[in-house]
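Novice: Here's a structure for you.
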Amino acid sequence: MGKVLRTLKPFRRLDWVAFACTLALLMTGLLFIISAGNDAPGVPLIRKQGFKQLVFIAAGVPMYLVVAWIDYRKLREYAGFIYAGCLLLLAGVLVFGVEINGSKSWYDLKVFLFQPSEVAKIALILLLASYLGDPLRNTRHPRVIFTALGIGGACFLLILIQPDLGTAMILPCVMVAMLFVAGLPWRILGVLLLLGVMALPLAWTVAKPYQKERVLVFLDPDRDPLGQGWNRKQSEMAVGSGGLSGKGFGQGTQNLLGFLPATVAPTDFIFSVIAEEKGFIGVSLVIGLYCVLFLSLARTALRASDLVGRLLAVGILTMVFVHETINVAMTIGLMPIVGLPLPLVSYGGSFVLSMLLALGLAQSVHIHGG
């Protein structure tokens, strides 16, 4: 009995607010995936998206708690090996992966599609935190800066050539946030941001035709209303038609009538489904849950006893925040469609499991490094 109590002792310091927000967002996503997915009568239970998402959640929550129980400082010595393994998976998917919607980003594991870039983001955060968090390392030294950029650049390029522009966009944001917290001067951060802006014309020249078309449709919404602009138009109509309180659960006409395709409604456009069915009140509650989660992660970062823990919390906070912000912005027409799902809410095994893994790691910082 005493051994069991000692094993469970770390959970006394669990950030219950963050945990509750995480569960609330997971359950919200599950409900609206059922509403937006292909869970029609006659579809076998094992193929229904709601059932599959429930399985992912049932597997991910225990993983979240196990990672939270492990002291994050013990993972530092394995960070390089974990990251190297993820780079191999990213390279391998270009050869052995399956192509979906123009991107070769998934391994077909038969049971579900595995997207290695989701795990690679967490591995990058872990390695950068371990590298930049070393108290003997001077983050103002050019060698340290270029090494950190090289670590992130390898992952960025392998994701970019899949091509998966949406996921690749997350990495520079995470790196800049972590470098800033590690002590990189403002003037150097400014130079890096300027170089990033200067690289945009090069990015345009190597972008795929459909990626260029998404940007052009964003700039001119009437450019291709029946093609690349279709999902955006239908998403905006779904959000706008929800009004204050929505049309009711399962009553979203944009989704039910197929105007918002069932292939994207439970994933990239789940926010539109929530907005149409639960209106402004519903989406405000969802965004409120994210805000509370972000504040909890920021508190974990501020209370961390060492720089490694602070960097981990900031990296995870930045990753989740950018995901959520871009997804909401693209569904309401404030950004081009880039194919980023809504954290913890959108359908997808790799995405849900990786988000729970990342948030479990942040919990580990709260428990062991607070």
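The values are calculated or read from the model by the stated rules, or taken from the named source; none is laboratory data. In this text the structure is predicted, and so the values were computed from the model without any measurement. Cβ placement follows ideal geometry from the backbone for every residue including glycine, while neighbour counts extend to all protein chains displayed.
Novice: If you take the residues of segment 296-315 that are of a type in the set (S, T, N, Q) and crowded, with 22+ Cβ neighbours inside 10 Å, which of them is farthest from T139 (Cα to Cα)?
Specialist: S296
Novice: I'd like the full set of residues that are under 24 Å from I337 (Cβ atoms) and buried (at least 18 other Cβ atoms within 10 Å of the Cβ), limited to segment 149-159.
Specialist: C155, F156, L158, I159
Results for (1) at pLDDT 90 or above; (2) surrounded by fewer than 20 Cβ atoms within 10 Å (Cβ to Cβ); (3) part of a helix (DSSP H, G or I), shown as yes or no for each residue.
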{"site": "Q251", "(1), (2), (3)": "no, yes, no"}
{"site": "G258", "(1), (2), (3)": "no, yes, no"}
{"site": "D268", "(1), (2), (3)": "no, no, no"}
{"site": "V283", "(1), (2), (3)": "yes, no, yes"}
{"site": "V286", "(1), (2), (3)": "yes, no, yes"}
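Novice: To continue, here is another question. Restricting to segment 170-199, count the residues that are in a helix (DSSP H, G or I), at pLDDT below 85 and not charged (D, E, K, R).
Specialist: 12
Novice: Looking for whichever is in contact (Cβ under 8 Å) with a residue 40 or more places away in the chain, within 25 Å of G309 (Cβ to Cβ) and assigned to a helix (DSSP H, G or I) here; the options are L126, L94. Which one fits?
Specialist: L126
Novice: Among all residue pairs at least 6 apart or on different chains, which show Cβ distances below 6 Å where the first residue, located in segment 333-347, is over 21 Å from C21 (Cα atoms) and the second is assigned to a loop (DSSP other than H, G, I, E, B)?
Specialist: Note: pairs meeting the criteria are G339/D268.
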